[in-house]
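Please read the structure below before turning to the comments.
The values are calculated or read from the model by the stated rules, or taken from the named source; none is laboratory data. Here the structure is a predicted model, which means the values were calculated and not measured. Don't worry about glycine lacking a Cβ; one is built from the backbone with ideal geometry, like all the others, and counts go over all protein chains shown.
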Amino acid sequence: MQANMTDDPIEAFYEVTIETFLTLFFFAVLLFFNKTLYAYLQVTTAILVCANVVSVFIVPVAVWLTVSEDALSYYVLSLLLIWDYALVTYIIRQTLRINLLASLSISFLYFTVTYFGAFALGQLI
């Protein structure tokens, strides 16, 4: 999916690789400071699997959006992105045993660091 969004498939490969490493690093730091590093494998697996499951649903919606530009496709895409955000928020909330507002904030920080950080680092490479 990422390769279709950029002109260069090699650049897309770098960005996805950077996103994955940033995700792994983000949760290592987060769990280290929470002293729950023992759950690292379970948490990172849950995050990556949830993101990929949502991406499987996003692919046909992105094709639908590209072909028709129907308003409904924008709504469905927005719902899928909110679903992804809610899944990450839930995993963080259950892992760290924190309240909803804190887990929403950490989820927002996670998405900012991984996606915008990967884009910024990809531009530097």
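Here are a few things to note about the model shown:
- Inspection of the stretch 37-46 identifies at least one residue that is under 23 Å from Thr17 (Cβ atoms), surrounded by fewer than 17 Cβ atoms within 10 Å (Cβ to Cβ) and not hydroxyl-bearing (Ser, Thr, Tyr).
- Criterion (closer than 28 Å to Ile125 by Cβ, surrounded by 15 or more Cβ atoms within 10 Å (Cβ to Cβ) and not polar (S, T, N, Q)) met by exactly one of Phe26, Phe32, Phe108, Phe21: Phe26
- Remark: pairs (first residue in the stretch 98-116, over 16 Å from Ala51 (Cα atoms); second residue among the charged types (D, E, K, R); Cβ separation under 6 Å; 6+ apart in sequence or on different chains) = Ser103/Arg93.
- Ala12 being without any contact (Cβ under 8 Å) to a residue 60 or more places away in the chain, part of a helix (DSSP H, G or I) and not polar (S, T, N, Q): yes
- Within the stretch 30-61, the set of residues being β-branched (Val, Ile, Thr) and over 13 Å from Ile92 (Cβ atoms) comprises Thr45, Val49, Val53, Val54, Val56, Ile58, Val59, Val61.
- Look at (1) free of Cβ contacts under 8 Å to residues at least 60 places away in the same chain; (2) under 15 Å from Ile92 (Cβ atoms); (3) surrounded by 11 or more Cβ atoms within 10 Å (Cβ to Cβ) and you find that Trp64 fails only one, number (2).
- Helices (runs of 4 or more DSSP H) completely within the stretch 21-125 that count 3 or more residues being touching a helix residue (DSSP H, G or I) at 6+ places or on another chain (Cβ under 8 Å), modelled with pLDDT of 95 or more and not hydroxyl-bearing (Ser, Thr, Tyr): 40-68, 71-96, 100-111
- All of Ile92, Ile125 fail the test of being within 15 Å of Val43 (Cα to Cα) and either surrounded by 16 or more Cβ atoms within 10 Å (Cβ to Cβ) or of a type in the set (A, V, I, L, M) (or both), apart from Ile92.
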